[in-house]
Amino acid sequence: MEVKEKVIEKILLLIALSSISILTLIALFIFGEGLPFIWKFGPIDFLFGKRWVPSHGEFGIFPMIVGSFWVTVGALLLGIPLGLACAIFLCEWIPPLAAMFLRPAIQLLAAIPSVIYGFWGLMVLVPLVRNYLGGSGLSIFSGSIILGFMILPTIISISEDSLRALPPSYKAGAFALGATHWQTIWRVLVPAARSGIVASIILGMGRAIGETMAMIMILGNAVKLPTSFLDSARTLTTNIGIEMGYASGDHRQALFATGVILFFIIMILNSSAILLSRRRIG
Amino acid sequence: MRSNRFRFLTQSLAKTLIWAAALSTIAVMILILLQILVEGLPDLRFSFFFESPKSMGREGGILTTIIGTVALTLVAIIVATPLGVGTAIFLREYTRESRISRVIRFGTDCLAGVPSIIFGLFGFVFFVIFLNMGWSILSGGLTLAAMILPTIICTTEEAIKTIPYSYREVSYSLGGTKWQTVTRAVLPSALPGIFTGIILSVGRSIGETAAIILTAGSSLVMPTSLFSPIRTMAVHFYILAREGISMEMAYRTGATLILIVLFVNTIANFLLNRYIRHRI
Amino acid sequence: MDRQIQNSKLKIQNLGILVFLLMLSLILGSGGCQRSKAGITVAGSTSVEPFAELLAEEYMIRNPHSHIYVQGGGSTAGIEAVRSHAANIGMSSRSLMGTEKSLYAVTIAKDAIAIIIHPRNPVEDLSLEKVREVFSGRIRNWKEIGGQDHPIILVTREEGSGTREAFQKLVMGEEEISLEALVQDSNGAIRQVVSGDPNAIGYISLGLVNEKVKALRISGVEPNVKNIESGRYHLVRPFLFVFNGEPTGEAKAFLDFVICPEAQELLCKEGLISILSTSSEGKVGSQRKGY
């Protein structure tokens, strides 16, 4: 009986290690394909090279890093203010009846597939940008807007959770001191929920950087280094997504190498988010 | 100290802005969904779901893609659930906060953050090439399983957390072993929570595209085995929309996709709020 | 009550064992198992893919017990897949190069590349040199070639695409396509972009041209079947089925179907050029090794 219990415990331990083993497997295979290439090609040339022309053996991903950066920044510029506003709205000012519909609605929006957002962007947003702002419409600007909307549910729900989790005494204390509702929110509640809000932003950033399908549809995917918000661009993810199907040999390894860089960036982001939220709870 | 009037002015301004921001955000989100639903819903017939695609998807229905989506999701759930539940049981019942549990949690949290294109790359090089499974339901399903694992672990853990210790006490006091306690006292009560996690994962799997294209292929033919390549609804929608083969079909597929995702997730959220008292 | 707990525990145990065995069998079965599905796999060029799918559909209607799986991946990947026996038939939208020439290739159709612009764009005709200058980025404004005063938006396929390689070889020669060009991952997507943007220019399979875009004349030559067959329009590339050695069995049966008049007529309806033509290049299935 004892033996059986011990055996079960060991089996469960093995099963529990599955998530970390999968993670290790992923890292192993992606790094296994990508790292040798980075080593062979030269990390400086790879990371800072401005030309991506696989047919000539040129594999510089700097334009993609810049593209990812600007698209994410743009998405955050849209997502943070709107997200925070909605979170505050949901927490403080919403009529309770509407809350019953709105909160689940936001959760549902988080589940809408990215290809739907991308499609909408292609059909509606891109022509609008082209007709009113110039260029082809397939640009960092359009991508940022769509991405901003995609990360909104993440930012909203986690920020709202953080605001809700605050002890009611914060609010009561502020009111007792004669603060207006807005002053309470802006100067007491939001700063107090700061770590949760920041965690939500980092998670949103992670989602933004990792988005592929919608970005392939909307960004235009030009390989040149983007110089304005209306330029077309590529992100690290779309670079992989758009050429993976056809690549072989060095080209394929270069795409895995792009994956390696992406993996690193995401790991750093996620670890910081985890650390931040752990500190909040624990 | 600012004057009273200024304070209240700021408040009104802020309130207006926030209301405006929130309402416009919600409006845009609804618009996005509406645009596809309006174009796609009116022409939907039941036959759409039961016919196979013909002529590269220009005619017929989306039967094979529905089957593909279901098959893929099933494989993913069958593989991920035991792993996820087992992990949660181990974390909650068999250890305290220790090195091991921290490592496991770190692994789970990180896995949750890996973007789907990386899963796609991994699934491609590991399942399709290394294990020689080719582009198949199996490759896609296993990749998907890795993607939904963190969700199942998380929800199961939350479900187990809500079960009062007294359940276990009773079982121990009656002479039950740990495993007996887990399987007879804890798990049955946690089942609704586990189920919720599964439904949540289903919701996510349906919309997944990048990883699926790289691992399950994009064949429109009715699959004959786990090793057949298959196209899911989301992938079909993407291909139709991009190739411009048939905008009508694209809208219809998109509308179907939205409806299914909304339906599944509404159930999931309902279950979530009912059986797992704090929000995840 | 006890019986119920007993029963549910039994059920959970049984379920657990079942699942464990299932997973075990999956992992074991997959390792050694070569994709044991019946039927053949056709993989490669996404330009050929839709037509291959159509042909496969027709073939499977006539032969209900066969299964033909068509997938993309690109010409190069398809050729590789055939070489490594991962696929039975490879599809290619370009001629074989280098070591690939040892494989057995059959031309199943010919496809022209059309340079397309928006229907409202006043330009009708460009010489090949001008097209080259446009796509390399030396000509940047439509007014330089008879259009309106507006920057030119280039649209191209992604690296690795057979269509892009064909375009590169037939039009660009040694010159590079401008890095500023928008990149789309399918012919259909290029067509979509060009049909929506009055200042865009791109290239797609002639077979995919519809009323939403306009195909340019090249040095006065209209891209149509007559001009292609006579050789006056020379932006033409072969669609190949590639085999590892002489085709046998189901693969051969499918190939025979594809080059028969009925199937060829189907392809013509879709906008391809049949190999069953009186052109100097095409013979009925150019079955030469190392095409």
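The values are calculated or read from the model by the stated rules, or taken from the named source; none is laboratory data. Worth saying up front: this structure is predicted, and the values here are computed from it rather than measured. Note that each Cβ is placed from the backbone with ideal geometry, even for glycine, and that neighbours are counted across all protein chains shown. Please note that ligands, DNA and RNA were not included when accessible areas were found on the heavy atoms of the full protein model with its side chains. Shrake-Rupley method; radii C 1.70, N 1.55, O 1.52, S 1.80 Å.
When the stretch C:131-190 is examined, which residues are found to be part of a helix (DSSP H, G or I), among the acidic types (Asp, Glu) and modelled with pLDDT of 90 or more?
Correct list: C:Glu133, C:Glu144.
So which residues in the stretch B:128-156 are open to solvent by 10 Å² or more (accessible area, probe 1.4 Å), under 22 Å from C:Gln71 (Cβ atoms) and within 21 Å of the chain's Cα centre (by Cα), if there are any at all?
If the condition is that a residue be open to solvent by 10 Å² or more (accessible area, probe 1.4 Å), under 22 Å from C:Gln71 (Cβ atoms) and within 21 Å of the chain's Cα centre (by Cα), then B:Leu142 is the only one that fits.
From the list C:Arg140, C:Arg217, exactly one residue is basic (Lys, Arg), touching a residue at least 12 places away in the same chain (Cβ under 8 Å) and within 27 Å of A:Asp231 (Cα to Cα). Which is it?
Exactly one residue qualifies, and that residue is C:Arg140.
Can you name the residue in the stretch A:81-104 that is more than 8 Å from chain B (Cβ to nearest Cβ) and touching an Asp or Glu at 6+ places or on another chain (Cβ under 6 Å) and, of all such residues, is least open to solvent (accessible area, probe 1.4 Å)?
Selected residue: A:Ala87.
Can you name every residue in the stretch B:1-51 that is outside any helix (DSSP H, G or I) and either aliphatic (A, V, I, L, M) or facing another protein chain (nearest Cβ under 7 Å) (or both)?
B:Met1, B:Leu41, B:Leu44
Of A:Leu108, A:Leu82, A:Leu77, which residue is under 30 Å from B:Met233 (Cα atoms) and assigned to a helix (DSSP H, G or I)?
Of A:Leu108, A:Leu82, A:Leu77, the one residue that is under 30 Å from B:Met233 (Cα atoms) and assigned to a helix (DSSP H, G or I) is A:Leu108.
Quickly run through the stretch A:243-277 and pick out the residues that are more than 10 Å from chain C (Cβ to nearest Cβ), open to solvent by 40 Å² or more (accessible area, probe 1.4 Å) and of a type in the set (Gly, Ala, Ser).
Answer for the stretch A:243-277, where residues must be more than 10 Å from chain C (Cβ to nearest Cβ), open to solvent by 40 Å² or more (accessible area, probe 1.4 Å) and of a type in the set (Gly, Ala, Ser): just A:Ser272.
Within the stretch A:176-220, which residues are free of Cβ contacts under 8 Å to residues at least 60 places away in the same chain and within 12 Å of chain B (Cβ to nearest Cβ)?
A:Leu177, A:Gly178, A:Ala179, A:Thr180, A:Trp182, A:Gln183, A:Thr184, A:Trp186, A:Arg187, A:Arg207, A:Gly210
Could you say whether any residue in the stretch B:85-106 is in a loop (DSSP other than H, G, I, E, B) and facing chain A (nearest Cβ under 10 Å)?
yes
Just one of the numbered conditions (1) within 14 Å of chain A (Cβ to nearest Cβ); (2) hydrophobic (A, V, I, L, M, F, W, C); (3) open to solvent by 40 Å² or more (accessible area, probe 1.4 Å) is not true of B:Leu174; which one?
Exception for B:Leu174: condition (1).
Does B:Thr183 qualify as being surrounded by fewer than 19 Cβ atoms within 10 Å (Cβ to Cβ), free of Cβ contacts under 8 Å to residues at least 40 places away in the same chain and either within 11 Å of chain A (Cβ to nearest Cβ) or touching a strand residue (DSSP E or B) at 6+ places or on another chain (Cβ under 6 Å) (or both)?
no
Is it the case that some residue within the stretch A:130-145 is within 7 Å of chain B (Cβ to nearest Cβ), assigned to a helix (DSSP H, G or I) and open to solvent by 30 Å² or more (accessible area, probe 1.4 Å)?
Within the stretch A:130-145, none of the residues are within 7 Å of chain B (Cβ to nearest Cβ), assigned to a helix (DSSP H, G or I) and open to solvent by 30 Å² or more (accessible area, probe 1.4 Å).
Can you tell which of B:Ile62, B:Ile67 is among the β-branched types (Val, Ile, Thr), open to solvent by less than 10 Å² (accessible area, probe 1.4 Å) and more than 14 Å from chain A (Cβ to nearest Cβ)?
Result: B:Ile62 is the single residue among B:Ile62, B:Ile67 that is among the β-branched types (Val, Ile, Thr), open to solvent by less than 10 Å² (accessible area, probe 1.4 Å) and more than 14 Å from chain A (Cβ to nearest Cβ).
Of the conditions (1) free of Cβ contacts under 8 Å to residues at least 60 places away in the same chain; (2) open to solvent by less than 10 Å² (accessible area, probe 1.4 Å), B:Ala80 satisfies every one except a single condition; which number is it?
With (1) free of Cβ contacts under 8 Å to residues at least 60 places away in the same chain; (2) open to solvent by less than 10 Å² (accessible area, probe 1.4 Å) applied to B:Ala80, the lone miss is (1).
Return the total of residues in the stretch C:232-254 being farther than 29 Å from C:Ser102 by Cβ and either touching a His at 6+ places or on another chain (Cβ under 9 Å) or open to solvent by less than 60 Å² (accessible area, probe 1.4 Å) (or both).
Qualifying residue count for the region: 1.
Just to be sure, is B:Ala216 within 11 Å of chain A (Cβ to nearest Cβ) and among the aliphatic types (A, V, I, L, M)?
Spelling it out, it is not the case that B:Ala216 is within 11 Å of chain A (Cβ to nearest Cβ) and among the aliphatic types (A, V, I, L, M).
Only one of these conditions is not met by C:Gly160: (1) on the phi > 0 side of the Ramachandran plot; (2) surrounded by fewer than 23 Cβ atoms within 10 Å (Cβ to Cβ). Which number is it?
Failed condition: (2).
Out of the residues in the stretch A:81-107 meeting the condition of being under 21 Å from A:Ile202 (Cα atoms) and of a type in the set (Gly, Ala, Ser), tell me which one is nearest to the chain's Cα centre (by Cα).
Among them, the one singled out is A:Gly83.
Give me the residue from the stretch A:44-72 that is within 12 Å of chain C (Cβ to nearest Cβ) and part of a loop (DSSP other than H, G, I, E, B) and, out of that set, most open to solvent (accessible area, probe 1.4 Å).
Result: A:Lys50.
Among the residues of the stretch C:203-214, which ones are more than 9 Å from chain B (Cβ to nearest Cβ) and either outside any strand (DSSP E or B) or open to solvent by 10 Å² or more (accessible area, probe 1.4 Å) (or both)?
C:Leu206, C:Gly207, C:Val209, C:Glu211, C:Val213, C:Lys214, listed by residue number.
Per-residue answers, yes or no, for (1) assigned to a strand (DSSP E or B); (2) in contact (Cβ under 8 Å) with a residue 12 or more places away in the chain; (3) out of contact with any Phe, Trp or Tyr (no Cβ under 8 Å at 6 or more places or on another chain):
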{"position": "C:Phe239", "(1), (2), (3)": "yes, yes, no"}
{"position": "C:Val242", "(1), (2), (3)": "yes, yes, no"}
{"position": "C:Glu246", "(1), (2), (3)": "no, yes, no"}
{"position": "C:Glu250", "(1), (2), (3)": "no, yes, yes"}
{"position": "C:Asp256", "(1), (2), (3)": "no, no, yes"}
{"position": "C:Gln264", "(1), (2), (3)": "no, yes, yes"}
{"position": "C:Leu267", "(1), (2), (3)": "no, yes, no"}
{"position": "C:Gly271", "(1), (2), (3)": "no, yes, yes"}
{"position": "C:Ile275", "(1), (2), (3)": "no, yes, yes"}
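Picking from A:Val115, A:Val126, which residue would you name as being crowded, with 23+ Cβ neighbours inside 10 Å and either over 19 Å from the mean Cα position of the chain (by Cα) or not aliphatic (A, V, I, L, M) (or both)?
Answer to the selection: A:Val126.
One line per residue, one yes/no per condition, for (1) crowded, with 24+ Cβ neighbours inside 10 Å; (2) touching a Lys or Arg at 6+ places or on another chain (Cβ under 9 Å):
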{"position": "C:Lys169", "(1), (2)": "no, yes"}
{"position": "C:Glu174", "(1), (2)": "no, no"}
{"position": "C:Ser178", "(1), (2)": "no, yes"}
{"position": "C:Val183", "(1), (2)": "yes, yes"}
{"position": "C:Asn187", "(1), (2)": "yes, yes"}
{"position": "C:Val194", "(1), (2)": "yes, yes"}
{"position": "C:Pro198", "(1), (2)": "no, yes"}
{"position": "C:Ile201", "(1), (2)": "yes, no"}
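Can you spot a residue in the stretch C:210-222 that is within 30 Å of C:Val82 (Cβ to Cβ) and at pLDDT below 90?
no
Would a scan of the stretch B:158-166 turn up a residue that is open to solvent by 50 Å² or more (accessible area, probe 1.4 Å) and within 12 Å of another protein chain (Cβ to nearest Cβ)?
Within the stretch B:158-166, not a single residue is open to solvent by 50 Å² or more (accessible area, probe 1.4 Å) and within 12 Å of another protein chain (Cβ to nearest Cβ).
Output the helices (runs of 4 or more DSSP H) that fall wholly within the stretch A:148-233 and possess 3 or more residues being open to solvent by less than 50 Å² (accessible area, probe 1.4 Å), or say none.
A:194-210, A:213-218
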